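Each value in this text was obtained by applying a stated rule to the coordinates, not by laboratory testing. Only a predicted model underlies this, so the values are computations on that prediction, with no experimental measurement involved. Cβ coordinates were reconstructed from backbone atoms using ideal geometry, including for glycine residues, and neighbour counts include every protein chain displayed.
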Amino acid sequence: MKTTFLPFSRPSIGADEIEEVVDSLKSGWITTGPKVQQFESDFAKFVGAKHAVAVNSATSGLHLAYLALGLKPGEEAITTPLTFISTVSMLCSLGVKPVLADIDPNTLNIDPGEIEKKITKKTRAIVPVHFAGLPCDLDRIKTIARKHRLKVIEDAAHAAGTEYKGGKIGALSDATVFSFHPIKNMTTGEGGMITTNDDKLAEKLALLRFHGMNKLAWKRYGKGGSPHYDINCLGYKYNMMDIQAALGIHQLRKLSAFNALRSKYAQIYRKELGSLSQIHLPQDPPYGIVHPWHLFIIVIKTETLKISRDEFIQALSDQNIGTGIHFKVVHQHPYYKELFTAKERNLPNANYVSERILSLPLYPSLNIGDVTRVCAVIKEIIKTNAR
Ligand SMILES: Cc1ncc(COP(=O)(O)O)c(C=O)c1O
């Protein structure tokens, strides 16, 4: 057995990021300032959106996007059950009811056909999540949204660098929210970005993220600035710091190279594991995509094995291989179970994968030997435990 532990995820931070952070620290300005402004401008250009508003997490970004797009208590928003809790918890925090639509078992993304079935008079928004980075069928989703006059807020926490039919995710709907948490394809430690083409929305988001204040601190305290400010609406403390943006500026420049490496390792996983009848791998959709491979997901068909998914995880851990679970579906968490009726929790595709899903190590600093070792261990576990 190999003695060194292979983690499930690891950020790639280089000398450029470190120098830029040190520059921030030495500059006398470490919170929201010129580096955040540069990062926003670079990110907006990268995704082809008019505006990018930096925040301290995608969770904050989702909260502000829902709020700024006018979602109100008692209204409903349709999303996927296979997501991190923020997608749903930020709806709940505004008194908006999350309505879960089942996933497509091939892509593991929300099934547009299921969205249509869940629309009621109270529905105001659709929140597609590009699961593992694979883009949802946005044209179908936007057609449904137009027909029913709904907002579309993309949860693109996994989708930095994702392309859908030749266009980057980030400029294709009302608002798109990215995450820069350390396991993501690019990181700022913690952080997020909201992108939009809507001038008024961008202005509102910028107000909301910093107390509803009409002027950023670095404009007030800079040379020639006036110390006065006004509070124009109820706001939050969701701003990103320059120290974080210092990381983001360089991570963004490296994103394409990072994603190319992720893709290279994902192709090895696909080749090695694709023919195993005990494992289901998510499939590419019929439309054109660039997949950033945020996660390499396998669905273990536990009915073909003598062990459960959690025992499978333990067997990998015994061989010093780390894994992740993305995700236990929303409606199976104790708090959220109470929010949905048994009928609303009857989502057969999502329920099937929730018990069987597993994320394998995937990040730029892996090497081919690491990936082939993971595949060899998986094959051995299956051989030992096949029914
Ligand atoms: C699908 C999804 N949405 C939202 C988030 C929240 O991101 P953050 O940690 O930046 O708040 C995550 C984080 O893992 C996520 O996976």
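Annotation note: trypsin sites (Lys or Arg not before Pro) in the range 30-73 located in DSSP loop regions with a Cβ neighbour count of at most 13 within 10 Å are Lys50. If only the Cβ of Lys and Arg carry +1 and only the Cβ of Asp and Glu carry -1, the dipole of the range 81-212 around its Cα centre is close to 580 debye.
Taking only Cα atoms, what is the 0 to 90° angle, nearest 10, from helix 242-273's long axis to the longest principal axis of the chain? The angle comes out at about 20 degrees. For the range 156-294, how big is the tail of P(r) above 18 Å, as a whole percent of Cα pairs? Tail of the P(r) past 18 Å holds 67 percent of the pairs.
With the highest mean first, a sort of the peptides 147-158, 221-232, 303-314, 247-258 on other beta-carbon atoms found within 10 angstrom per residue produces 147-158, 247-258, 303-314, 221-232.
Here the range 255-385 was treated as a single set of alpha-carbon atoms; its pair distances binned every 10 Å from 0 give 11, 39, 33, 16, 2 percent. Note on the range 14-37 and the range 189-261: Cα centroid distance 14 Å, given to the nearest whole angstrom.
Working value for the range 52-152: equivalent-ellipsoid semi-axes of 19, 17, 12 Å, each the square root of 5 times a Cα gyration tensor eigenvalue, largest first. For the range 313-387, dividing the convex hull volume of the Cα atoms by the residue count gives 131 Å³ per residue. 3J(HN,Hα) along the range 206-212, derived from phi through the Karplus expression 6.51 cos²θ - 1.76 cosθ + 1.60 where θ = phi - 60°, amounts to 5, 5, 5, 6, 9, 6, x Hz, with x in place of Gly and Pro. Mean residue ellipticity, 222 nm, helices only, the chain: the sum of -39500 (n - 2.57) across DSSP H runs of n ≥ 4, divided by residue count and rounded to 500, is -12000 deg cm²/dmol. Scattering from the chain was approximated by placing one identical point on each alpha carbon and applying the Debye formula without solvent; log10 I(q)/I(0) at 0.07, 0.11, 0.15 1/Å stands at -0.33, -0.80, -1.36. The distance linking the range 352-387 with the range 106-166 is 29 Å (Cα centroid to Cα centroid, whole angstrom).
For the range 123-137, putting each phi into the Karplus relation 6.51 cos²θ - 1.76 cosθ + 1.60 with θ = phi - 60° gives couplings of 5, 10, 8, 10, 10, x, 10, 7, 5, 6, x, 6, x, 5, 7 Hz, in residue order, rounded to whole numbers and with x for Gly and Pro. Near the amide H of Ile279, within less than 5 Å, lie the amide hydrogens of Lys301, all on another chain or at least 5 residues away, with H placed in the peptide plane.
Against the main long axis of the alpha-carbon atoms of the chain, helix 309-318 sits at an angle near 90°. A DSSP coil position with no more than 12 other Cβ atoms inside 10 Å describes the following GluC sites (Glu not before Pro) in the range 332-387: Glu338. Close amide H contacts of Asn232 (hydrogens built in the peptide plane, cut-off under 5 Å, sequence separation of 5 or more or a different chain): Met213, Asn214. Computed from Cα atoms, the angle from the helix 58-68 axis to the main principal axis of the chain rounds to 60 degrees.
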